[in-house]
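Notes for the one structure printed next.
Just so it is clear, none of the values below were taken in a lab; they were calculated from the coordinates. Not measured: the values here are computed from a predicted model. Here Cβ is always computed from backbone atoms with ideal geometry, including for glycine, and neighbour counts include all displayed protein chains.
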Amino acid sequence: MAKLPIDVVTLVNQFGPTLNRVPATGWNSDVEPDRIVKTHCCFCGQQCGIQLKVKDNRVIGFEPWEDFPFNQGRLCPKGVKRYMQDEHPDRLKSALMRKEGTGFVPVSWEEALDKVAGEVRRIQQTYGNDAFAIIGGASLTNEKAYLMGKFARVAVRTANIDYNGRLCMVSAGVASKKVFGLDRSANPWSDIPKAKAILAAGSNVAECSPITTHYFWQARENGAKIIILDPRMTPIARNADLYIPVRSGGDIGVFNGMLHVMIERGWIDREFLAQHATGWEQVEESVSKYTPEYAAKIAGVPASMIVRAAEIWGPADTSFLLHARGIEHHSKGVQNCMAAMNVVLATGRIGREGCGYAMITGQGNGQGGREHGQKCDQLPGGRDIENPEHREYIAGVWGVPEESIPHKGLTFIPIMEAIHAGKIKGMLSICCNPMVSLPDKSWVWEALEKLEFYSTIDFFLSEAGRYADVVLAGSLMEEDEGTTTNVEGRVIHHRKAVDPPADARVDWKIICDLAARLGAGDKFSYNSPAEIFDELRAASKGGPNDYYGITWERIDRELGVFWPCPSLDHPGTPRLYEGGKFAHPDGKAHMQPVEWRPAAEEPDSEYPIILTTGRVVSQYLSGSQTRRIGALVDQYPQPLCEIHPLLAKKFGIAEGDFVKVESRRGSVIVRANVVKTIRPDTVFVPYHWPLERAANNMTVHNIDPMSNIPEYKICAVRVSKVPQPHDEISELEVEAGGVR
Amino acid sequence: MNGMEFFIDYSRCIGCKACVQACEECDTHRGVSMIHLETIMRADSVQTAPQVCMHCEDPICAQVCPADAIKKTPDGVVQSSLKPRCIGCSNCVLACPFGVPKYSVEINQMMKCDMCYDRTSVGKGPMCATVCPSGALTYTTRENIERTRQGLAIRDWQFGGEAVRTKVNVLVPRSVERIDVGIEQLGITHTNEYDVAALLAGD
């Protein structure tokens, strides 16, 4: 069906989000925990070490884990309050079945799993194998991400599996593979404080990867100059040495302009380029027209800023460039990243101490989740699903005929297009809330309603879960065991703190039980996630993302192991590309000339303002977890529209007024936050909220042709002052999509 | 406290409120956060500043307390008010030059930062400084701060005619020896220093 079984207000009353404010044992200092479990935060790719306090199979609090080297006890507010998602009143505790007019009713696991498997087969027998799609998530452990890829190819036998990492950093991944030959941050974070110049583009470090702030500030104590590119003066930008308020989508202007100046001033390491790179001549030729004045027009900033950036970056002894969604979420996202990489390579400052490059992965397992087969074109170990040798190897590991493995399927947005076109009729998702996270929400909603069958594995009923026919109550990170791979490429161990409550089950068991019903039980007969990891190790062996030498025991002993790690006696690889040896077969970096082009939708006379979207520090992704934690909701209760006073004045908007932000696709009504810290041609709305508060009501579903990432960071809107809305959605609590 | 000291570097603060969220998690704080995270002028800037109790050597809050409810430990930590003694008069709230003590109507008592005494007295760091992701709040040795920071750690203040020495240090540029707060500095001043429109008009 994939339609709401009953109205939204009733569903919110039944399943939340409601706010958890008090620990399971109350604010009570007398309660001694039974155990303290060393594990990691689940909210973002930094994957900070944290200790959870457990009593009577309940998580009752936390204690900083100061010995874990990456964060040394540091946490952001999400990490501090993460334990409040445990013992939560909204927690799903059994399988649920949609019932028209009632909502959802608890059913036995037998009934639920039979129904899902039956619908998979019915749809596939009627419309073909690829008519059933699987959507995974980048907050899953490596074990589960691996399992989802295998489940799709071996049990469901559909080509159409993709994941929500497609909405996250795939532009960086594609660019990295194209230029460096491998998709991973090139350096451990310990190289950041050793850099004398730091450039962060499109990265609201203070709010989206707060722990990285300390690394930046330590670099500055050591004499580094910090350059920040962002349309908003974020907290990290405020104290940067050079803040460049680039127009959204104008980053190529800054990068190519910097290169132009660096060539003129002789700050290019031509010896390095001759030995270790291809394509420099084409890059040099391509930036010849990017004079500071020309580049400044593209970037939307004064030319002097671009010259100054080149003057800081060009002659530095050591340097570190980082970027995130701000340059990746574009229909030219891959181009943006490649232009940034050119700035790194031109100086030869990569692959040594204090010299490097990184993408700041956003989701919990943003790195590992994209390596082991959840992507439509990928097999485990970062292998290529169209490469005959890779297929043969994985077929051997899985014990299936090579020809039985489907070929490349559709990415996430094309899957939604295929649902619209009637080609995909059923979907199973895990760890994904597309009703908040996908762009152009009414288009997504129309797609969901066209599905004949939709099922989701989740621990809370998310906004997308409301559309499911069957909801399978899965597990929180702390209710299962496994590994993730952090922003640096460090593989780490999430320990199990507690069992799933009541009749909820660990995710991997649910997948294996479904596989058995689909006739592939013998390929999914694992007794523990440790066995899945061992198979993942073997499946990745010899591949680009080689985990073979990593064991859970080694991770515990060494506090994480960096891949590639091809053998048990291999130390792991914290820093890639040492000695200028890149991951392409020729050992060289393949530089790509980059030409700027406009966004899919630029502002015009009808919709004259740029909308850009992003995060706030107290919320995580679609908010399905963090909109249920009282302290985090209190910190930033509802989305605000940041607008510069010059623009606000034009429309008669004052601080706190209700405004309608409207694009060709949809709108939100939120309060205005009139601030001088944003470009006057741009407004910002954070995206963690649903329904009439969803920033993705406005965004476009245009994608980058290479990475297929959606263009979240720019679309055209108009803004107007409106009265306070009083419809039933607006009257909901703010965490549910209301407005105050 | 074994040579460990508290340091504040306001220039590092990113306003994330990890400190605020963690403060209430300290066992003895029981869900009440006692650190203040001030948003300076959001319309003009994203600047924020954390404020813990500075633990004055001669605490003004204790001096003005008519009930003798505010005590200092031998190691220099100025405690929150003693429940049996505090009469809720708010003299301390008005007198503190840093604006730290707050009167809680629900319990008719003043509550303030006690540097997580249950933690620091047994060798653990205070919650706020342990979790602070930017290093704006740090609990470490003076030697370690001098080795890793460019700024100078000072603890001498002048509020009009009143000289105050605190246990907590603040990091300031090397040229500064004492922080002078004159009455004329108080009040709201707007700034265009962080106005993006002004930056864009730069050329």
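Couple of notes before you dig in:
- Exercise: per-residue mean of other protein chain Cβ atoms within 10 Å, B:44-53: 3
- Relative to one another, the C-alpha centroids of the stretch B:139-162 and the stretch A:1-72 are positioned 37 Å apart.
- With contacts taken as Cα pairs under 8 Å and at least 6 residues apart, chain A reaches a relative contact order of 19 percent.
- The helix-only estimate of mean residue ellipticity at 222 nm for chain A, built from DSSP H runs of length n ≥ 4 each weighted as -39500 (n - 2.57), is -8000 deg cm²/dmol after division by the residue total.
- Rg and Dmax of the stretch A:379-510, both derived from C-alpha coordinates alone, stand at 17.6, 45 Å.
- Among B:GLN21, B:GLN51, B:GLN158, residue whose mean-square fluctuation peaks in a GNM of chain B (springs only between Cα atoms under 10 Å): B:GLN158
- Over the protein assembly as shown, the ratio between the Cα radius of gyration and 2.2 N^0.38 Å evaluates to 0.92.
- Ascending count of other beta-carbon atoms within 10 Å, so fewest first, for A:HIS644, A:HIS420: A:HIS420, A:HIS644
- Charge tally around A:HIS407: other residues with Cβ under 12 Å, Lys/Arg +1 each, Asp/Glu -1 each, net -2.
- Cβ neighbours within 10 Å from other chains - mean over B:27-34: 3
- For the stretch B:59-112, the average shadow cast by the Cα convex hull is 3.4 nm², which is a quarter of the hull's surface.
- Here r is the Cβ-Cβ distance between B:THR28 and B:ILE179 and R0 is 41 Å; the resulting FRET efficiency, rounded to 0.05, is 0.85.
- Relative contact order, percent, the stretch A:609-736 [alpha-carbon distance under 8 Å, six or more residues apart]: 34 percent
- Of all DSSP bridge pairs formed entirely within the stretch A:609-736, close to 60 percent run antiparallel.
- The stretch A:561-652: C-alpha gyration tensor shape, a/c 1.5 cut-off, then a/b vs b/c: oblate
- In terms of its C-alpha gyration tensor, the stretch A:453-574 has a prolate overall shape, because the principal axis ratio a/c (a ≥ b ≥ c, square roots of the eigenvalues) is not below 1.5 and a/b outweighs b/c.
- Packing around the peptides A:680-686, A:124-130, A:730-736, taken as the average count of other Cβ atoms within 10 Å per residue, puts them in this order, highest first: A:680-686, A:730-736, A:124-130.
- Cross-link partners for B:LYS72 among the aspartates and glutamates, with Cα-Cα distance under 19 Å and sequence neighbours closer than 8 places in the same chain left out: B:GLU5, B:GLU57, B:ASP58, B:ASP114, B:ASP118, B:ASP156.
- Fully extended contour minus Cα-Cα distance, from A:TRP109 to A:GLU66, at 0.36 nm per residue: 11.4 nm
- The mean count of C-beta atoms from other chains within 10 Å of the C-beta of residues in B:131-144, rounded to a whole number, is 5.
- Taking a ≥ b ≥ c as the square roots of the eigenvalues of the Cα gyration tensor, the stretch A:208-273 is classed as oblate, since a/c reaches at least 1.5 and a/b does not exceed b/c.
- Cubic angstrom per residue, convex hull over Cα atoms of the stretch A:270-417: 183 Å³
- Bridging of A:LYS423 to lysines at a Cα separation below 25 Å is possible for A:LYS3, A:LYS115, A:LYS150, A:LYS375, A:LYS408, A:LYS441, A:LYS450, once same-chain residues fewer than 8 apart are set aside.
- The stretch B:59-112, relative contact order in percent, only Cα pairs under 8 angstrom and at least six apart counted: 32 percent
- Rounded to whole Å, sorted largest first: equivalent-ellipsoid semi-axes of the stretch B:112-151, Cα gyration tensor: 20, 12, 8
- Dividing the Cα radius of gyration of the stretch A:170-359 by its Kirkwood radius returns 0.92 for Rg/Rh.
- Per-residue Cβ neighbour counts within 10 Å put A:ILE6, A:ILE424 in the sequence A:ILE6, A:ILE424, beginning with the fewest.
- Here the simple spin-label model places points 7 Å from the Cα toward Cβ, and for A:LEU568 and A:LYS297 these points are separated by 6.4 nm.
- Neighbour counts of C-beta atoms inside 10 Å place A:ARG575, A:ARG466 in the sequence A:ARG575, A:ARG466, starting with the fewest.
- Lysines whose Cα lies under 19 Å from that of B:LYS17, excluding same-chain neighbours fewer than 8 positions away: A:LYS78, A:LYS81, B:LYS102, B:LYS112
- Rounded to whole numbers, the Karplus 3J(HN,Hα) couplings from phi for the stretch A:579-592 are x, x, 9, 8, 8, 6, x, 7, x, 10, 7, 9, 6, 10 Hz, using 6.51 cos²θ - 1.76 cosθ + 1.60 with θ = phi - 60°, and x at Gly and Pro.
- Computed lengthening from A:ASP34 to A:ASP7, 0.36 nm per intervening residue step minus Cα-Cα distance: 5.4 nm
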